[in-house]
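Worksheet for the structure shown next.
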Amino acid sequence: YSSVSGGYGNNAKGLRSSVSGGRNNDAEGDYSSVTGGVGNTAEGESSSVSGGGSNTAVGVSSSVSGGAYGKAEGDHSSVSGGWTNTAKGEESSVSGGNENTA
């Protein structure tokens with residue numbers, strides 16, 4: 001089962017995925033979640049996006065905590081915030097700033 005708790009234009013497409021609120025957010029991966037924000041997508045299995053805008057968590061168990069235009073591509077990778085940051089490698093992380101890549 002999947003769930004959308006509130007907000008507007010949100011979709012929980014993955015198995016047991018959830019979107020808690022915000023606008024135009026998608027939880028596509030199985031067991032993925034988007035807590036809020038605008039235009040965020042959790043694609044990877046067990047991935048999460050906590051908020052911000054236009055963030056994407058692609059890798060398995062990857063996460064984006066906030067900011068804008070962040071992308072966690074590697075498995076177990078994370079982007080904590082900032083603007084246009086990308087965590088590409090497995091278990092990589094970017095804490096913040098602008099246009100950083102790990």
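The values are calculated or read from the model by the stated rules, or taken from the named source; none is laboratory data. All figures in this text were calculated on a predicted structure; none of them were measured in a lab. We place every Cβ from the backbone using ideal geometry, glycine too, and count neighbours over all the protein chains shown. What goes into the accessible areas is simple: the full protein's heavy atoms, side chains included, and nothing from ligands, DNA or RNA. Shrake-Rupley method; radii C 1.70, N 1.55, O 1.52, S 1.80 Å.
For the set Val4, Val79, the ranking by accessible area, highest first and with no ligand, DNA or RNA atoms included, is Val4, Val79 under a 1.4 Å probe. The 1.4 Å probe gives accessible areas that order Thr84, Thr101, largest first, as Thr101, Thr84. Quick one: accessible surface of Val94, probe radius 1.4 Å, all protein chains present, in square angstrom to the nearest 10. Rounded to the nearest 10, the figure is 10 Å².
Accessible surface area normalised per residue over region 1-59 is 45 Å², counting heavy atoms of protein chains with a 1.4 Å rolling probe.
With K and R counted +1 and D and E -1, the other residues having a Cβ less than 13 Å from that of Gly7 yield a net charge of 0. One decimal place: the segment Glu99-Asp30 gains 22.0 nm when fully extended, by the rule 0.36 nm per residue minus the C-alpha distance. Positive-end ranking of Ser48, Ser5, Thr101 along the dipole of the chain, with charges on Cβ about the Cα centre, is headed by Ser5. Matching the structure-derived semi-axes √(5λ) of the Cα gyration tensor in Å against the labelled list (1) 25, 15, 12; (2) 21, 15, 7; (3) 26, 20, 14 gives the label (2).
Of the solvent-accessible surface of the chain, computed with a 1.4 Å probe over protein heavy atoms with every protein chain present, carbon and sulfur atoms account for 41 percent. Here's how it looks for Arg23: its modeled amide H is under 5 Å from those of Tyr8, Gly37, Val38, Gly39, which are all 5 or more places away or on a different chain. Among Ser80, Ser18, Ser48, the residue with the largest mean-square fluctuation in a Gaussian network model of the chain, with springs joining Cα atoms closer than 10 Å, is Ser80.
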